[in-house]
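Asker: Before we start, here is the structure in question, set down as C-alpha coordinates.
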Amino acid sequence: MDLKNKKVLITGGSAGIGKALIKELAARGVQDIAVVGRRREPLEALQSEFDNVNFLPIQGNVASVEDLDRVVSEVTETWGELDILINNAGVVSAGLLHEVSDEDVINQININVTGLILLTKKALPLLQKSEAGAIMNVSSGYGYIAMPFYSVYAATKAAVGQFSDAMRRELHQYPLHVMTVYPSATDTDMMKTAVVGDMDSADDVARAAVEGLLNKEINVILGGKQREEQIKTNFLEPQKIDEFAVANFAALRERTLKHRSM
Ligand SMILES: NC(=O)c1ccc[n+]([C@@H]2O[C@H](COP(=O)([O-])OP(=O)(O)OC[C@H]3O[C@@H](n4cnc5c(N)ncnc54)[C@H](OP(=O)(O)O)[C@@H]3O)[C@@H](O)[C@H]2O)c1
(Lines give C-alpha, C1' and ligand atoms only; values in the text may rest on other atoms or scores of the structure.)
Protein backbone atom coordinates (compact mmCIF):
# COMPACT_ATOMS: atom_id res chain seq x y z
CA MET A 1 0.00 0.00 0.00
CA ASP A 2 1.32 3.41 -0.95
CA LEU A 3 0.49 5.74 1.92
CA LYS A 4 0.99 8.94 -0.04
CA ASN A 5 -2.34 10.64 -0.86
CA LYS A 6 -4.21 8.46 1.62
CA LYS A 7 -6.90 10.16 3.68
CA VAL A 8 -6.79 8.93 7.27
CA LEU A 9 -9.33 9.22 10.09
CA ILE A 10 -7.98 8.35 13.55
CA THR A 11 -9.66 8.42 16.94
CA GLY A 12 -7.58 9.32 19.98
CA GLY A 13 -4.77 10.79 17.90
CA SER A 14 -4.00 13.62 20.30
CA ALA A 15 -1.95 11.50 22.73
CA GLY A 16 -0.08 8.23 23.28
CA ILE A 17 -0.21 5.51 20.66
CA GLY A 18 -2.57 7.51 18.41
CA LYS A 19 -0.20 10.46 18.26
CA ALA A 20 2.73 8.13 17.59
CA LEU A 21 0.69 6.60 14.74
CA ILE A 22 0.24 10.09 13.27
CA LYS A 23 4.01 10.66 13.53
CA GLU A 24 4.72 7.34 11.78
CA LEU A 25 2.14 7.94 9.04
CA ALA A 26 3.36 11.51 8.46
CA ALA A 27 6.95 10.24 8.16
CA ARG A 28 5.74 7.87 5.44
CA GLY A 29 4.03 10.61 3.42
CA VAL A 30 0.44 10.80 4.68
CA GLN A 31 -0.73 14.41 4.38
CA ASP A 32 -4.42 14.42 5.30
CA ILE A 33 -5.40 13.25 8.76
CA ALA A 34 -8.71 13.78 10.56
CA VAL A 35 -8.36 13.34 14.31
CA VAL A 36 -11.10 12.76 16.87
CA GLY A 37 -10.69 13.43 20.59
CA ARG A 38 -12.71 14.87 23.46
CA ARG A 39 -10.30 17.66 24.44
CA ARG A 40 -9.95 20.51 21.96
CA GLU A 41 -6.53 21.81 23.02
CA PRO A 42 -4.34 18.74 22.30
CA LEU A 43 -6.20 18.26 19.02
CA GLU A 44 -5.41 21.77 17.88
CA ALA A 45 -1.81 21.53 19.08
CA LEU A 46 -1.16 18.77 16.52
CA GLN A 47 -0.97 21.22 13.61
CA SER A 48 2.05 23.04 15.05
CA GLU A 49 3.79 19.73 15.82
CA PHE A 50 3.40 18.21 12.34
CA ASP A 51 3.58 20.99 9.80
CA ASN A 52 3.69 18.63 6.79
CA VAL A 53 0.20 17.30 7.65
CA ASN A 54 -3.16 18.97 6.93
CA PHE A 55 -5.20 18.16 10.02
CA LEU A 56 -8.95 18.04 10.31
CA PRO A 57 -9.39 18.20 14.10
CA ILE A 58 -12.83 17.04 15.21
CA GLN A 59 -13.70 17.45 18.85
CA GLY A 60 -15.98 14.60 19.83
CA ASN A 61 -16.62 11.59 22.02
CA VAL A 62 -16.67 8.23 20.24
CA ALA A 63 -19.31 7.11 22.76
CA SER A 64 -21.75 9.69 21.37
CA VAL A 65 -23.75 8.62 18.31
CA GLU A 66 -24.41 12.27 17.51
CA ASP A 67 -20.67 13.06 17.60
CA LEU A 68 -19.89 10.08 15.33
CA ASP A 69 -22.46 11.30 12.79
CA ARG A 70 -20.81 14.73 12.89
CA VAL A 71 -17.33 13.17 12.46
CA VAL A 72 -18.39 11.34 9.30
CA SER A 73 -20.26 14.41 7.97
CA GLU A 74 -17.17 16.60 8.45
CA VAL A 75 -14.94 14.09 6.67
CA THR A 76 -17.48 13.76 3.86
CA GLU A 77 -17.88 17.52 3.45
CA THR A 78 -14.14 18.25 3.64
CA TRP A 79 -12.65 15.38 1.65
CA GLY A 80 -15.56 13.42 0.17
CA GLU A 81 -13.35 10.34 0.54
CA LEU A 82 -11.57 8.21 3.13
CA ASP A 83 -8.96 5.45 2.78
CA ILE A 84 -7.88 4.47 6.27
CA LEU A 85 -9.87 4.38 9.49
CA ILE A 86 -7.86 3.88 12.69
CA ASN A 87 -10.01 3.08 15.71
CA ASN A 88 -7.52 3.78 18.47
CA ALA A 89 -9.34 5.72 21.23
CA GLY A 90 -9.68 3.64 24.36
CA VAL A 91 -10.06 3.86 28.13
CA VAL A 92 -9.46 1.57 31.10
CA SER A 93 -10.76 1.23 34.64
CA ALA A 94 -9.21 -1.65 36.60
CA GLY A 95 -10.34 -3.41 39.78
CA LEU A 96 -12.28 -6.37 41.06
CA LEU A 97 -15.55 -6.36 39.13
CA HIS A 98 -17.63 -5.26 42.12
CA GLU A 99 -15.31 -2.29 42.66
CA VAL A 100 -15.65 -0.91 39.13
CA SER A 101 -18.45 1.68 39.10
CA ASP A 102 -21.44 1.02 36.83
CA GLU A 103 -20.50 4.19 34.99
CA ASP A 104 -16.96 2.92 34.29
CA VAL A 105 -18.34 -0.45 33.10
CA ILE A 106 -20.71 1.27 30.68
CA ASN A 107 -18.17 3.83 29.47
CA GLN A 108 -15.44 1.26 28.83
CA ILE A 109 -17.88 -0.72 26.69
CA ASN A 110 -19.29 2.36 24.94
CA ILE A 111 -15.89 3.91 24.15
CA ASN A 112 -13.82 0.78 23.46
CA VAL A 113 -16.44 -1.24 21.58
CA THR A 114 -19.75 0.46 20.71
CA GLY A 115 -18.09 3.65 19.48
CA LEU A 116 -15.54 1.69 17.44
CA ILE A 117 -18.25 -0.42 15.79
CA LEU A 118 -20.55 2.53 15.10
CA LEU A 119 -17.78 4.70 13.66
CA THR A 120 -16.76 1.82 11.38
CA LYS A 121 -20.39 1.36 10.31
CA LYS A 122 -20.84 5.06 9.57
CA ALA A 123 -17.48 5.44 7.78
CA LEU A 124 -17.92 2.31 5.64
CA PRO A 125 -19.71 3.96 2.69
CA LEU A 126 -16.66 6.23 2.28
CA LEU A 127 -14.11 3.45 2.88
CA GLN A 128 -15.82 1.16 0.37
CA LYS A 129 -15.08 3.71 -2.35
CA SER A 130 -11.33 3.65 -1.64
CA GLU A 131 -9.18 1.92 -4.25
CA ALA A 132 -6.85 0.60 -1.52
CA GLY A 133 -7.96 1.20 2.02
CA ALA A 134 -7.77 -0.20 5.52
CA ILE A 135 -9.38 -0.38 8.91
CA MET A 136 -6.95 -0.65 11.83
CA ASN A 137 -8.49 -1.46 15.19
CA VAL A 138 -6.45 -1.12 18.37
CA SER A 139 -7.13 -3.90 20.86
CA SER A 140 -4.75 -4.94 23.68
CA GLY A 141 -2.74 -7.94 24.80
CA TYR A 142 -5.63 -8.42 27.24
CA GLY A 143 -7.86 -8.96 24.23
CA TYR A 144 -6.09 -12.33 23.87
CA ILE A 145 -5.12 -13.11 27.46
CA ALA A 146 -7.51 -11.81 30.10
CA MET A 147 -6.17 -11.05 33.56
CA PRO A 148 -7.84 -10.47 36.93
CA PHE A 149 -8.78 -6.83 37.65
CA TYR A 150 -9.30 -6.22 33.92
CA SER A 151 -12.49 -8.20 33.33
CA VAL A 152 -14.37 -5.36 31.64
CA TYR A 153 -11.39 -3.96 29.73
CA ALA A 154 -10.35 -7.44 28.55
CA ALA A 155 -13.92 -8.16 27.41
CA THR A 156 -13.98 -4.94 25.38
CA LYS A 157 -10.62 -5.66 23.78
CA ALA A 158 -11.53 -9.27 22.90
CA ALA A 159 -14.64 -7.83 21.21
CA VAL A 160 -12.41 -5.55 19.11
CA GLY A 161 -10.47 -8.55 17.72
CA GLN A 162 -13.61 -10.50 16.89
CA PHE A 163 -15.18 -7.45 15.24
CA SER A 164 -12.08 -6.99 13.06
CA ASP A 165 -12.05 -10.63 11.95
CA ALA A 166 -15.76 -10.61 11.08
CA MET A 167 -15.44 -7.33 9.17
CA ARG A 168 -12.42 -8.52 7.17
CA ARG A 169 -14.39 -11.60 6.09
CA GLU A 170 -17.53 -9.56 5.43
CA LEU A 171 -15.67 -7.00 3.30
CA HIS A 172 -13.66 -9.49 1.23
CA GLN A 173 -15.00 -8.06 -2.05
CA TYR A 174 -13.56 -4.64 -1.27
CA PRO A 175 -9.90 -3.60 -1.42
CA LEU A 176 -10.00 -2.93 2.32
CA HIS A 177 -7.53 -4.56 4.68
CA VAL A 178 -8.92 -5.04 8.19
CA MET A 179 -6.36 -5.58 10.94
CA THR A 180 -6.00 -5.54 14.71
CA VAL A 181 -3.12 -4.22 16.79
CA TYR A 182 -2.52 -5.84 20.19
CA PRO A 183 -0.16 -3.60 22.20
CA SER A 184 1.43 -4.82 25.43
CA ALA A 185 1.99 -2.34 28.27
CA THR A 186 2.98 0.91 26.54
CA ASP A 187 4.35 4.05 28.14
CA THR A 188 1.48 6.53 27.65
CA ASP A 189 -0.85 8.63 29.80
CA MET A 190 -3.14 5.60 30.07
CA MET A 191 -0.51 3.81 32.17
CA LYS A 192 0.33 6.68 34.54
CA THR A 193 -1.82 5.21 37.32
CA ALA A 194 -0.59 1.61 36.87
CA VAL A 195 2.66 0.25 38.28
CA VAL A 196 4.46 -1.51 35.42
CA GLY A 197 8.14 -2.18 34.87
CA ASP A 198 9.27 -2.53 31.28
CA MET A 199 6.97 -0.88 28.78
CA ASP A 200 7.11 -0.43 25.01
CA SER A 201 7.24 3.13 23.77
CA ALA A 202 4.27 4.45 21.80
CA ASP A 203 6.69 4.86 18.87
CA ASP A 204 7.53 1.11 18.99
CA VAL A 205 3.83 0.24 18.80
CA ALA A 206 3.15 2.73 16.01
CA ARG A 207 6.09 1.47 13.94
CA ALA A 208 4.96 -2.15 14.25
CA ALA A 209 1.36 -1.18 13.46
CA VAL A 210 2.20 0.81 10.33
CA GLU A 211 4.64 -1.85 9.10
CA GLY A 212 1.85 -4.37 9.68
CA LEU A 213 -0.50 -2.21 7.64
CA LEU A 214 1.98 -1.99 4.76
CA ASN A 215 2.59 -5.77 4.88
CA LYS A 216 -1.14 -6.48 5.20
CA GLU A 217 -0.68 -8.33 8.47
CA ILE A 218 -3.93 -9.36 10.10
CA ASN A 219 -2.78 -9.25 13.71
CA VAL A 220 0.09 -7.11 14.95
CA ILE A 221 0.98 -8.54 18.35
CA LEU A 222 3.45 -6.64 20.50
CA GLY A 223 5.49 -8.49 23.12
CA GLY A 224 7.54 -10.73 20.85
CA LYS A 225 7.76 -14.51 20.60
CA GLN A 226 7.09 -14.91 24.34
CA ARG A 227 3.70 -13.23 23.95
CA GLU A 228 2.82 -15.44 20.98
CA GLU A 229 3.67 -18.52 23.05
CA GLN A 230 1.49 -17.26 25.92
CA ILE A 231 -1.41 -16.76 23.52
CA LYS A 232 -1.07 -20.37 22.32
CA THR A 233 -0.93 -21.58 25.92
CA ASN A 234 -3.99 -19.51 26.83
CA PHE A 235 -5.91 -21.12 23.96
CA LEU A 236 -4.76 -24.72 24.37
CA GLU A 237 -4.05 -24.94 28.12
CA PRO A 238 -5.86 -22.03 29.82
CA GLN A 239 -5.37 -23.61 33.24
CA LYS A 240 -1.65 -22.78 32.95
CA ILE A 241 -2.50 -19.08 32.62
CA ASP A 242 -4.96 -19.50 35.52
CA GLU A 243 -2.07 -20.84 37.61
CA PHE A 244 0.08 -17.84 36.64
CA ALA A 245 -2.74 -15.44 37.56
CA VAL A 246 -3.25 -17.14 40.94
CA ALA A 247 0.47 -17.13 41.72
CA ASN A 248 0.70 -13.43 40.85
CA PHE A 249 -2.71 -12.34 42.18
CA ALA A 250 -1.46 -10.24 45.11
CA ALA A 251 1.26 -8.53 43.07
CA LEU A 252 -1.16 -7.81 40.21
CA ARG A 253 -3.66 -6.43 42.69
CA GLU A 254 -1.01 -4.10 44.11
CA ARG A 255 0.12 -2.85 40.72
CA THR A 256 -3.37 -2.18 39.38
CA LEU A 257 -5.11 -0.77 42.49
CA LYS A 258 -5.22 2.78 41.14
CA HIS A 259 -5.21 2.03 37.41
CA ARG A 260 -7.87 4.19 35.83
CA SER A 261 -7.75 6.31 32.67
CA MET A 262 -11.25 7.24 31.54
N1 LIG B 1 -0.94 2.14 26.88
C2 LIG B 1 -1.03 0.83 26.96
O3 LIG B 1 -0.34 0.16 27.76
C4 LIG B 1 -1.97 0.07 26.06
C5 LIG B 1 -1.86 -1.33 26.01
C6 LIG B 1 -2.73 -2.04 25.19
C7 LIG B 1 -3.69 -1.38 24.44
N8 LIG B 1 -3.78 -0.01 24.50
C9 LIG B 1 -4.83 0.62 23.71
O10 LIG B 1 -4.24 1.56 22.84
C11 LIG B 1 -5.16 2.62 22.57
C12 LIG B 1 -4.48 3.96 22.83
O13 LIG B 1 -4.09 3.97 24.20
P14 LIG B 1 -3.04 5.02 24.79
O15 LIG B 1 -2.24 4.29 25.78
O16 LIG B 1 -2.39 5.77 23.69
O17 LIG B 1 -4.05 5.97 25.60
P18 LIG B 1 -3.92 7.51 26.03
O19 LIG B 1 -2.51 7.91 26.10
O20 LIG B 1 -4.77 7.63 27.24
O21 LIG B 1 -4.62 8.27 24.80
C22 LIG B 1 -5.96 8.03 24.52
C23 LIG B 1 -6.41 8.89 23.38
O24 LIG B 1 -7.78 8.58 23.10
C25 LIG B 1 -8.59 9.74 23.23
N26 LIG B 1 -9.88 9.33 23.76
C27 LIG B 1 -10.12 8.65 24.90
N28 LIG B 1 -11.44 8.47 25.07
C29 LIG B 1 -12.04 9.03 23.99
C30 LIG B 1 -13.40 9.18 23.61
N31 LIG B 1 -14.38 8.73 24.37
N32 LIG B 1 -13.67 9.78 22.43
C33 LIG B 1 -12.66 10.27 21.66
N34 LIG B 1 -11.37 10.18 21.99
C35 LIG B 1 -11.06 9.57 23.15
C36 LIG B 1 -7.79 10.66 24.18
O37 LIG B 1 -8.10 12.03 24.00
P38 LIG B 1 -9.22 12.77 24.92
O39 LIG B 1 -8.96 12.33 26.34
O40 LIG B 1 -9.01 14.21 24.66
O41 LIG B 1 -10.52 12.27 24.40
C42 LIG B 1 -6.37 10.38 23.73
O43 LIG B 1 -6.09 11.11 22.56
C44 LIG B 1 -6.37 2.36 23.46
O45 LIG B 1 -7.38 1.73 22.71
C46 LIG B 1 -5.83 1.42 24.52
O47 LIG B 1 -6.84 0.61 25.08
C48 LIG B 1 -2.95 0.72 25.29
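Asker: Along the charge dipole of the chain, pointing to its positive end and built from +1/-1 on Cβ of Lys, Arg, Asp and Glu, which listed residue (GLN239, ILE22, VAL100) has its Cα farthest out?
Answerer: GLN239
Asker: Hey, what did the chain get for relative contact order, percent, Cα under 8 Å, at least 6 apart?
Answerer: 20
Asker: How large is the accessible surface per residue of the chain, computed with a 1.4 Å probe and reported in Å² as a whole number?
Answerer: Each residue of the chain exposes 49 Å² on average to a 1.4 Å probe.
Asker: Would you please calculate the Kirkwood hydrodynamic radius of region 137-262 over all C-alpha pairs and express it in Å, rounded to one decimal? Before the final figure, lay out each step's value.
Answerer: Working: mean 1/r = 0.0639 Å⁻¹.
For region 137-262, the Kirkwood estimate is 15.6 Å.
Asker: Would you mind getting me the FRET efficiency between PHE244 and LYS121? Use the beta-carbon distance for r and R0 = 45 Å, nearest 0.05.
Answerer: Details: r = 37 Å, r/R0 = 0.83.
Efficiency for this residue pair is about 0.75.
Asker: If I require 24 Å or longer along the helix axis, counting alpha carbons, and a Kyte-Doolittle average no lower than -1.0, what helices from the chain are left? Use full DSSP H segments.
Answerer: 151-170
Asker: Using modelled amide H (1.01 Å from N, peptide plane; none on Pro or chain starts), what sits under 5 Å from the amide H of VAL220, excluding residues fewer than 5 places away?
Answerer: Answer set, sorted by chain and number: THR180, VAL181, TYR182.
Asker: Additional query: Sorted from largest down, what three extents in whole angstroms do the Cα atoms of the chain have along their principal axes?
Answerer: 53, 36, 30
Asker: Quick one: Cα centre-to-centre distance for region 49-87 and region 106-169, in angstrom?
Answerer: Here the answer is 17 Å between Cα centres.
Asker: Would you mind telling me the share, in percent, of accessible area of region 7-261 contributed by carbon and sulfur at probe 1.4 angstrom?
Answerer: Carbon and sulfur together cover 51 percent of it.
The values are calculated or read from the model by the stated rules, or taken from the named source; none is laboratory data. As the structure is a computational prediction, the values presented were derived from the model and not from experiment. In this analysis, Cβ positions are derived from the backbone assuming ideal geometry, glycine residues included, and neighbour counts consider all displayed protein chains. Each accessible area value is taken on the protein alone, full model and side chains, heavy atoms only, with ligands, DNA and RNA left out. Shrake-Rupley method; radii C 1.70, N 1.55, O 1.52, S 1.80 Å.
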